[in-house]
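**Student:** The structure's right below; bear with me while I get my questions together.
The values are calculated or read from the model by the stated rules, or taken from the named source; none is laboratory data. Just so it is clear, the structure is predicted and the values come from calculations on it, not from any experiment. Backbone-built Cβ (ideal geometry, glycine too); neighbour counts: all protein chains shown. The accessibility values were calculated without ligands, DNA or RNA, using every heavy atom of the protein model including side chains. Shrake-Rupley method; radii C 1.70, N 1.55, O 1.52, S 1.80 Å.
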Amino acid sequence: QVQLVESGGGLVQPGGSLRLSCAASGSISRFGIMGWYRQAPGKQRELVARIFSTGRTNYSDSVKGRFTISRDNVKNTMYLQMNNLNPEDTAVYYCNVLFVGRLYWGQGTQVTISS
């Protein structure tokens, strides 16, 4: 069983920054792939970024160059640094991991970009 807890969401103005955290129960070094997804009202959940155990990363085109995903295997936490935020980034952000063939999700954290 894997438990994931996101934090760090909030309300920021356009152009601002936030750092999301995803704390996992147990060692995250077990997880080959960890990722951040988001879901805006009325839209499907979409991939934002993924990070592999090798350190390789993938980003959606909409966030490339603005967001940075990272993982700290000592703190058992994954991060999403989000810069130059715009209203289109408003969504609930979820972290997930793929472990032993099963996807685990956190409860989500709300990110709202508004002036």
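**Student:** Just to be sure I understand, how many residues within segment 72-115 are within 29 Å of GLN1 (Cα to Cα) and in contact with a helix residue (DSSP H, G or I) (Cβ under 6 Å, 6 or more places away or on another chain)?
**Tutor:** 2
**Student:** Then there is this: Kindly list the number of the only condition in (1) modelled with pLDDT of 95 or more; (2) in contact with a Gly (Cβ under 6 Å, 6 or more places away or on another chain) that fails for SER53.
**Tutor:** (1)
**Student:** Which pairs turn up if I take residues in segment 6-25 that are farther than 11 Å from GLN110 by Cα and free of Cβ contacts under 8 Å to residues at least 60 places away in the same chain and look for partners that are surrounded by fewer than 18 Cβ atoms within 10 Å (Cβ to Cβ) and among the aliphatic types (A, V, I, L, M) with beta carbon separation below 9 Å, at least 6 apart in sequence or on another chain?
**Tutor:** Here the result reads SER21/VAL5; ALA23/VAL5; SER25/VAL5, each pair linking segment 6-25 to a residue that is surrounded by fewer than 18 Cβ atoms within 10 Å (Cβ to Cβ) and among the aliphatic types (A, V, I, L, M).
**Student:** Return the only residue of ARG45, ARG71, ARG66 being among the charged types (D, E, K, R), surrounded by 18 or more Cβ atoms within 10 Å (Cβ to Cβ) and within 15 Å of the chain's Cα centre (by Cα).
**Tutor:** So the residue among ARG45, ARG71, ARG66 that is among the charged types (D, E, K, R), surrounded by 18 or more Cβ atoms within 10 Å (Cβ to Cβ) and within 15 Å of the chain's Cα centre (by Cα) is ARG71.
**Student:** Tell me which residues, restricted to segment 77-101, are open to solvent by 20 Å² or more (accessible area, probe 1.4 Å), of a type outside the set (Asp, Glu) and touching a residue at least 12 places away in the same chain (Cβ under 8 Å).
**Tutor:** Correct list: TYR79, GLN81, ASN83, ASN84, ASN86, PRO87, THR90, VAL92, TYR94, LEU98, PHE99.
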